[in-house]
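Just below is one structure, and these are the notes that go with it.
No value in this document is a laboratory result; all are computed from the given coordinates. Values in this document were obtained by computation on a predicted structure and should not be read as measured data. Here the Cβ positions follow ideal geometry from the backbone for every residue, glycine too, while neighbour counts run over all protein chains shown.
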Amino acid sequence: MSIATVGLVPHPTKSGHDSLDLIRAWSSKHGVTLVALESDARRVGEGVELVDEKGFVARVDALVALGGDGTMLGAMRLMATRPVPVLGVNYGNLGFLVEIEPNELESALDRVANKDFQLESHHALEVTLTTAGVENTYLAFNDVAIARRPGGGVVAADLRVDATPYGYYKADALVIATSAGSTAYNYAAGGPVLSPAVAASVVTPVAPMSGITRSVVLSHRERMQLTIGEGTTGAAVEIDGRAMAEVSEGVELRLQLRRNAGMVIRLDAGRHANKGRIKLSLLDLPLRRDQLLELVPVELRERVTGPSEDK
């Protein structure tokens, strides 16, 4: 693939000036045009062409997202109608999705210029919310949560899969996650971790009171319908952690997994997978000490265990 135009998606509050300087120098060296949204003018500085959202989506061949997972997800949602590769640079906290640290950016950009990278497809949940006959559609790369507001009763909902009744939920919240997003809210709620290689979604109730009390895993071919039931007076619908709407009794949500809705640039998929496992271990994934040490680079591991005998 040819990369002639790169779009920049900066973190909304954190400064990435050093990385932006590197990107400007790299783009000048390789004859690459940099563009950004007009609303990000103050964040990206000089030497970047400012365009509206329509022009941005139409022109870019790749994106660089300077932030955490939230910034990366926002970049992927922005390009949902025309998925292009996204390189994530970690200016966030835990960062399950982003791969590159700021001090690795220069070499990462050179590898991108030399086409020395892999593409990792990401699935997303397409959510259609119908309220009073009006439809709104959203895209969630991690998860959709329907959560009770404090003092607002419970989340009650009937689940249908391909028009077949599956049962009902009565809980503090419902989390519907992609395989990539299964390590987030779904995992915290006791749901299973799905392999990123699986095109599936998982529905997990949070603090269930009755009805379905365990996680349900569904294929990408299956269409879900959730009808908000009696007792739900006002619950927030969150898309990838952002509150997007409020629902109450009678509202319908239709959900289906959209395969390959986004693309992420991976420079070392194995290393990224190991980093993800380490981060999950820090969140109390049950790995033994020896299993955790296997994920640590050799030079650091030897500080704990001593030099290996096979050297």
Using only the alpha-carbon atoms of region 149-193, report the extent along each of the three principal axes, biggest first, to the nearest angstrom.
-> 33, 25, 13
3J(HN,Hα) from dihedral phi, region 177-192, Karplus parametrisation 6.51/-1.76/1.60, rounded to Hz, x for glycine, proline | 10, 7, 4, 5, x, 5, 7, 9, 4, 4, 5, 4, 8, x, x, x
Could you state the orientation-averaged shadow area of the convex hull built on the Cα atoms of region 69-121, in nm² to one decimal?
-> 3.9 nm²
So who's got an amide H within less than 5 Å of the one on Ala199, skipping anything under 5 residues away but keeping other chains? H placed 1.01 Å off N, in plane.
-> none
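Mind sorting Ser201, Ser28 by how few other Cβ atoms lie within 10 Å of their own Cβ, fewest first?
Ser28, Ser201
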With region 1-144 reduced to its Cα atoms and the Debye formula applied, log10 I(q)/I(0) at q = 0.11 1/Å amounts to -0.41
Could you list Arg254, Arg242, Arg148, Arg82 in order of exposure, starting from the residue whose Cβ has the fewest other Cβ atoms within 10 Å?
-> Arg82, Arg242, Arg254, Arg148
Starting from the Cα-Cα distance between Val198 and Glu101, subtract it from 0.36 nm times their residue separation and give me the gain in nm to one decimal.
-> 32.2 nm
If contacts are Cα pairs under 8 angstrom and at least 6 residues apart, what is the relative contact order of region 124-259 in percent?
-> 31 percent
Based on the mean of other beta carbon atoms within 10 Å per residue, what is the order of 188-199, 166-177, 7-18, most packed first?
-> 166-177, 7-18, 188-199
Per the rule of 0.36 nm per residue minus the C-alpha distance, extending Glu246 to Ala4 adds in nm 83.0 nm
Interatomic Cα distance distribution for region 124-259, bins of 5 angstrom, percent | 2, 12, 23, 26, 23, 11, 3, 0
Would you mind ranking His123, His220 by Cβ crowding within 10 Å, fewest neighbours first?
-> His220, His123
